[in-house]
Amino acid sequence: MYDLVIIGSGPAGLSAAVYAKRAGLETLVVEKSGMSGGQVLSTYEVDNYLGLPGVNGYDLGRKFREHADNMEIPFMVAEVKTVESLNNRQNAELVGSEAKSAGHRIVTNKGEVETKTILIATGASHAKLGAPGEAELSGKGVSYCATCDGAFFRGKTVAVVGGGDVAVEDAIFQARTSSKVYLIHRRDELRAARILQESVKQLPNVEIIWNSVVEEIQGSSRVEGLQLRNVKSGEENVLKVDGVFIAVGIHPNTEVFRHVVDCDEKGYIVAGEDGQTHTPGIFAAGDVRTKPLRQIITAVSDGANAVTSIQNFFIQS
């Protein structure tokens, strides 16, 4: 039985693995794809990670993994199917601290693993438009995070796709540095909070394009334009832009854990800065948990905080 199994190998999971190893915990990292690093791998350039301005996202992700490999942390490539509590299956008679330490079973497509504690660090996935060119130009003008990538478009023309709070906030944020911002929404009114709507409509360099969807993202090595279609008239036209921020939603990767931890209405695992969930012995870190800011640097710190909480869990058990 492991002391800790970390599910997910993005910045939060790899940070936790390093801290767990240093703490002397018998640790295993379970990753689904065999490519550690998470969303950062598809980021062309990371400009706001402390001490490494302009680092290539793929290179940063590989550096994270190399750090873990240098510490000889074991990895298992497998897809988690479910998590079961040993308290319920084998130790129903235990109570109190004994029940807390009974542990958990992780069922994967490669077999089962038993562990005293679990850290869920499976991250979140940005909803995609599914338009031609989106995947090919991801990280080359197509972005899902204005906070992360907005600085690359200073003085340029960009589009934001979406009509909710995040999309409008991205448009307001980007209007500070970009010369022109188009906000593209498929309906004739925004879904964002009223105060955000009022703010964005007052910005002179933001233009809202109503009732329109992106049919194609055009460009060879970089984004050059968007083919738009008006959903009411059917009319199509090409909008010349240097980049596009897609803000049509984000989905936490929590489906297989929702029976063992509390999640909010959007599916994020309810856990604070300490990473503790309502279930003894199960913790959450990174984009997967409830938090106001989802960035590489906050995910890394989440991993460290979670391991501290896990150490305290063992002390108190």
- Sort out which residues of the range 55-88 are modelled with pLDDT of 95 or more, touching a Ser or Thr at 6+ places or on another chain (Cβ under 7 Å) and among the small types (Gly, Ala, Ser), and write them in order of number. 78
- Test: residue 256 is more than 30 Å from residue 270 (Cβ to Cβ), surrounded by 14 or more Cβ atoms within 10 Å (Cβ to Cβ) and in contact (Cβ under 8 Å) with a residue 24 or more places away in the chain: no
- Message: Here are the criteria: (1) at pLDDT below 95; (2) surrounded by fewer than 18 Cβ atoms within 10 Å (Cβ to Cβ); (3) touching a strand residue (DSSP E or B) at 6+ places or on another chain (Cβ under 9 Å). Tell me which single one residue 166 does not satisfy.
- Response: (2)
- Item | Residue identified as crowded, with 16+ Cβ neighbours inside 10 Å, touching a Lys or Arg at 6+ places or on another chain (Cβ under 6 Å) and among the hydroxyl-bearing types (Ser, Thr, Tyr) among 178, 212, 199 | 178
- Query: Would it be correct to say that residue 5 is at pLDDT below 85 and either buried (at least 17 other Cβ atoms within 10 Å of the Cβ) or not in a loop (DSSP other than H, G, I, E, B) (or both)?
  - Reply: no
- Listing of strands (runs of 3 or more DSSP E) fully contained in the range 137-234 that carry 3 or more residues being among the hydrophobic types (A, V, I, L, M, F, W, C): 157-161, 180-184, 206-209, 212-218
- Query: Is it the case that the range 193-204 has a residue that's at pLDDT 95 or above and within 18 Å of residue 241 (Cα to Cα)?
  - Reply: yes
- Query: Taking the stated definitions as given, is residue 275 crowded, with 24+ Cβ neighbours inside 10 Å, touching a residue at least 24 places away in the same chain (Cβ under 8 Å), within 16 Å of the chain's Cα centre (by Cα) and under 12 Å from residue 118 (Cβ atoms)?
  - Reply: yes
- What residue, of 15, 36, 42, is modelled with pLDDT of 95 or more and not assigned by TED's automatic domain parsing to the domain that holds residue 153? 15
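The values are calculated or read from the model by the stated rules, or taken from the named source; none is laboratory data. These numbers come from a predicted model, not from an experiment. Here the Cβ is made from the backbone with ideal geometry for all residues, glycine too, and neighbour counts use every protein chain on show.
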